[in-house]
Amino acid sequence: MRAVAWARANLFSSWWSTAVTLVLLYVILRGGWAFIDWAFVHAVWTVPPGPNGPNTQVCYAAKGIGACWAVVKEKYRFILFAFYPYAQQWRPAICIALFILLYAMSAMRRFWRKELVLLWIITLAIIGMLMWGGLFGLPYVPQYQWGGLPLTLILATLGLAAAFPLAILVALGRRSTGLPAVRLLCVVYVELIRGVPLISLLFMATTMFPLFMPNGVDIDKVLSAQVAIILFAAAYLAEVVRAGLQALPRGQAEAADALGLSYWRKTGLVILPQALRLVIPPLVNTFIGFFKDTSLVLIVGIFDLLKAGTTAVADPPWQGFGNEIYVLLAVIYFAFCFAMSKYSRGLERELDRARRR
Amino acid sequence: MSTTLRQPGSAPDRTQSTPIIVLDKVNKWFGQLHVLRDVSLTVAEKERVVVCGPSGSGKSTMIRCINRLESHQEGRIEVDGTELTDDTRALDQIRREVGMVFQSFNLFPHLTILENCTLAPIWVRKTPKAEAEEQAMGILRRVRIPEQAKKYPGQLSGGQQQRVAIARALCMRPKIMLFDEPTSALDPEMIKEVLDVMIELAESGMTMVCVTHEMGFARQVADRVVFMDRGEIVESGTPVSMFENPQTDRLKLFLSQILRGH
Amino acid sequence: MPDIVADPRLTNARQAPRRPVRFGWSDPRLRSLVWQVVIIGIVVAVVWFLVRNTNRNLAARHIATGFGFLFQPASIPIGETPIAYTASVSTYGRAILIGILNTLKVAVLGIVLATILGTAVGIGRLSPNWLLARITAAYVEFVRDIPLLLQLFFWYGLLQALPAPRQAFHPLAGLFLSNRGIKLPALDWMPAHSFAVLALLVGLICLYAWSHFADRRQAATGRRPPTWPAAILCIIVLPVGVWAASGAPFHLDLPALHGFNFQGGTTVTPEYGALLIGLVVYTATYIAEIVRSGILAVPPGQWEAAGALGLHRGLVLRQIVLPQALRVIIPPMASQYLNLIKNSSLAVAIGYQDIVSIADTTLNQTGQAIEGIAIIMGVYLCFSLSISAFMNWYNAHLMLRTR
């Protein structure tokens, strides 16, 4: 009875609402059934091995009717780890786990202490050691062989870790009243970077950074892209931090002044702890944006997760099964971003409640 | 606490002892607006001065100039023998000696009450942490909220917060305390608890400059009342002479408005 | 001005004096000067170091500098050319101009469509219909959390997977969907159509003037002359009349299959189509959230208060609710438009030749990386600056009205 009452109120409250409900129900059922049909009922899960690699006849026969999940089964190691030596792929796998652990711990409020910075440094050092090897009997793996999900995570995490302190300095510089030249510098930097697309910075990094270097110094492509991402991220984060600084009542700075705290003490002990807490939700949203934006390095030919996926699609026996691969990639990206946005919203509610109390 | 009401007039005349704050023809502008006009005021050691006046009269600006939250542009301000200039060493010196209490408390919401009180002693006076905490607890007892030490400012009432703000300033062991309308943001029932703390502080011999409209407080503790209007000191004298025998029309008008409001 | 009696507090009988700088480390002005000189000095030194290296490297690699290449013939094949272009004959400058036009082509239409879709979804999320609210919420959540580039690959893959022209889908007369793109009927453009568009513009100006006049009438007499007849006259009757007066020409050029390909009509290429769909679907999720929060930002008390004054619903919406909602909506909307323009640079990944793609090819052919990057950045900075100029104007306008 209650279900009927609920449906009357929320689905069939007027003739207009009823029409909308019926149309949507039809679309959902049709679309949902078509997807289930494609993804499960008529899907091809495995293919037999042929003389020159797997025999994908079955998949081509089912094309357009059923999904070919065999391509995912065949290619997932390549998509996740790209050209990392096959026998050593447990190392990047551990790195992925470490990254996820690091994110999870950073998200918990009870770990928000100074020691967290130390934890980040240690974890990143372990990840670097695992990826490169050359120590403790692990064979050395040069950087050009890295790829896939670990590379995406490295670009995003290192990018943020380096961009964040820079962003704080820029935001403080932009608000400094006593240093007009520094303020101008910060304004120009932020507005310039925010005015151009990330791709143009990535192109700049890969084509111009080699020209910037003195004779005989080679700069690696991934490193160039990483620098571009840091410069890009810092400009956006600086604006978020600046909003937090602006939102803080002026009395806080005055009270710190009246107690005789110096500028850096005042900033470090009173202003930043409060300003950053105010902007955690928009900061997390900015992080989500960067995580997605790291996929742009594909355009300058770096083997991140997305590039590994598109390369897998280009393999001749598997050509034309892009959608299956894209589904896998979408699931991976979605998992990371959704977790972050869910977290950000939860935190926002919690902070709201704390503020109202 | 011992509250034998001090008889006005019978108190020792502190106005004649060593000056600790000297303002000499101080002028200040906000852009085009001339907010302090030739303000001259001398406060002696252990003297208690109450500053009153209509809003926008420059009284807050004046006391904010004394610890240089605002800088004056003309004239001289001397605090405890040090002249206030742009010189940062003099500034550091003075801010250690001068405590300030704000209208809106300005406690640090991300720190506990105890941390609010020990922040400056630890980082500015370089007091060891344990010692700073012990001192702070002593002062929190003096303002009668030692049991709240582990709480955060958001969990306290306005009156309690303002008492913490007073304790925070006292923890620096200042020679002078400045109060900028300390009770204006409080609900009426909380005003008394803050005034009691201030009265006790006055009786302990602290030099105080206090911007307030609490005329009862002024009568009870002030050695001198200073009336400001339009950026000038219009009249000053003992509370009795000021309130019972105002000389200028501006003060008469002000007093009538204040009394009507009460 | 001796005849103006001013508040004595505002008169400047005396001005604030200036103070000399003392030379000691404890003078904050000297200190800030030193800080600034040090920081700017470091920046200048780094830039100088980079410029010196760059000059040496350019000399060593015999790469020319300057923008002279803009006037040389370009050997870039370009698929979509809004203005005349011949590879190896036209100049690089012209190629880059085409790139800019292509970017604008996708950005302008993208902004219009994303606004429509986003507004619809944003309102849908607030619908009392549970199913509609849920589905729109799921759409926003899902699409936002997947990189745009991946979505573009998906849409491009989808459009390329359409059948060949001979087996093209043909759902409506004049509409063909195939892997060569989407074929649509085209209107044969006559001078009469241009006149009609001109008449529409004139009509809009007249309408604006009329509403101004109506405001003044209302202020003077208390009665407002009706607006809607003037609106119909200016927006519909005038352009249609002009079109009819100049002969009412109307001829659609329908696409038709000839051999292995189509003739006639107009084409939406798979690259343009995928980029447009991707940008619209992605940006609409952000716009939906902006619209939703804009609507929620107006407290329900406003409706009640205005209703209590006796204003009818349409008037409440126009005079009370919309102005408040728009104040919340427009600034983030502008930054989403800017994001869409910047995101259109992802075109390079699916082969649509926008400014980034063409400048990148130019850069690779001439080797002049610095100039190529400078062109890309310059173009986008122009877009950004014009949008922020608009925003500044709008905010100033708003401030004026809220005073």
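Some points to look at:
- Largest-first principal axis extents of the Cα set of the range C:255-379 (Å): 69, 46, 18
- Enclosing the Cα atoms of the protein assembly as shown in their convex hull gives a volume equal to 283 cubic angstrom per residue.
- Each listed q (0.07, 0.11, 0.14 Å⁻¹) maps to a log10 I(q)/I(0) for chain C from the Debye sum over equal C-alpha point scatterers, namely -0.58, -1.18, -1.43.
- For chain A, A:95, A:186, A:337 stand unpaired, since no other cysteine beta carbon lies under 4.7 Å from theirs.
- Pairs with C-alpha atoms separated by more than 28 Å, drawn from the list C:105/C:183; A:292/C:183; A:266/B:129; B:46/B:192; B:28/B:129; A:114/B:150, are A:292/C:183; B:28/B:129.
- 222 nm mean residue ellipticity, helices alone, for chain B (DSSP H n ≥ 4; -39,500 (n - 2.57); rounded to 500): -11500 deg cm²/dmol
- When every Cα-Cα distance of the range C:170-257 is counted in 5 angstrom steps from zero, the calculated P(r) takes the values 3, 13, 15, 12, 11, 11, 11, 8, 6, 4, 3, 2, 0 percent.
- Three semi-axes of the equivalent ellipsoid, the range B:72-142, Cα gyration tensor, whole Å, largest first: 28, 15, 11
- Largest-first ordering by accessible area, 1.4 Å probe, given options B:28, A:73, B:252: A:73, B:252, B:28
- MRE, 222 nm, helices only [DSSP H, n ≥ 4, -39500 (n - 2.57), over chain C, to nearest 500]: -21000 deg cm²/dmol
- Within the listed set C:368, C:151, C:263, the residue fluctuating most in the Gaussian network model of chain C (springs between alpha-carbon atoms under 10 angstrom) is C:263.
- Mean-position separation - Cα centroids, the range C:346-371 and the range A:169-212, in angstrom: 23
- Averaging the sequence gap over all C-alpha pairs within less than 8 Å and six or more residues apart, then dividing by the number of residues, gives the range A:32-157 a relative contact order of 25 percent.
- Largest first, the three principal axis extents of the alpha carbons in the range B:88-237 are 47, 41, 27 Å in whole numbers.
- Diffusion of the range B:163-232 by Stokes-Einstein, at 10 °C in a medium of 1.306 mPa s and with Rh set to the Kirkwood radius over alpha-carbon pairs, works out to 123 µm²/s.
- All-pairs alpha carbon distance profile, chain B, 5 Å steps from 0, percent: 1, 6, 13, 17, 19, 17, 14, 9, 4, 1, 0, 0
- Area accessible to solvent at residue A:40, 1.4 Å probe radius, in Å²: 120
- Chain B: antiparallel DSSP beta bridges as a percent of all, rounded to 5: 55
- Accessible carbon and sulfur surface of the protein assembly as shown relative to its total accessible area, %, 1.4 Å: 64
- Rounded to 5, the percent of DSSP beta bridges in the protein assembly as shown classed as antiparallel: 65
- Solvent exposure of the range C:136-252 as accessible area per residue, Å², 1.4 Å probe: 60
- Residue of A:261, A:305, A:166 that the Gaussian network model of chain A assigns the largest fluctuation, springs spanning Cα pairs under 10 Å: A:261
- Helix axis angle, B:249-261 relative to chain B longest principal axis, alpha carbon, degrees: 50
- Cα gyration tensor shape for the range B:55-102, rounded if a/c is under 1.5, else prolate or oblate: oblate
- Legend: mean number of C-beta atoms from other chains within 10 angstrom of residue C-beta atoms, peptide C:230-237, equals 0.
- Number of partner chain Cβ atoms within 10 Å, mean per residue of C:363-372: 2
- Fraction of the pair-distance distribution of the range A:1-101 above 21 Å, Cα-Cα pairs, percent: 63
- Computed over chain B, relative contact order equals 25 percent, with contacts defined as Cα pairs under 8 Å that lie 6+ residues apart.
- Three-way shape label, chain A, alpha-carbon gyration tensor, a/c 1.5: oblate
- Ranked packing of A:176-183, C:306-313, A:227-234, most packed first, by mean Cβ within 10 Å: A:227-234, A:176-183, C:306-313
- Among C:138, C:231, C:389, the residue with the largest mean-square fluctuation in a Gaussian network model of chain C, with springs joining Cα atoms closer than 10 Å, is C:231.
- Inter-chain neighbour count for A:308-318: the average number of beta-carbon atoms from partner chains within 10 Å of each residue's beta-carbon is 1.
- Interface B:A - total buried accessible surface [probe 1.4 Å, Å², rounded to 100]: 1700
The values are calculated or read from the model by the stated rules, or taken from the named source; none is laboratory data. This one's a predicted model, so the numbers in the text were calculated from it and none came from an experiment. With ideal geometry, Cβ positions are generated from the backbone for all residues, glycine too; neighbour counts draw on all protein chains shown. Areas reflect the complete protein model, heavy atoms only, side chains present, ligands, DNA and RNA absent. Shrake-Rupley method; radii C 1.70, N 1.55, O 1.52, S 1.80 Å.
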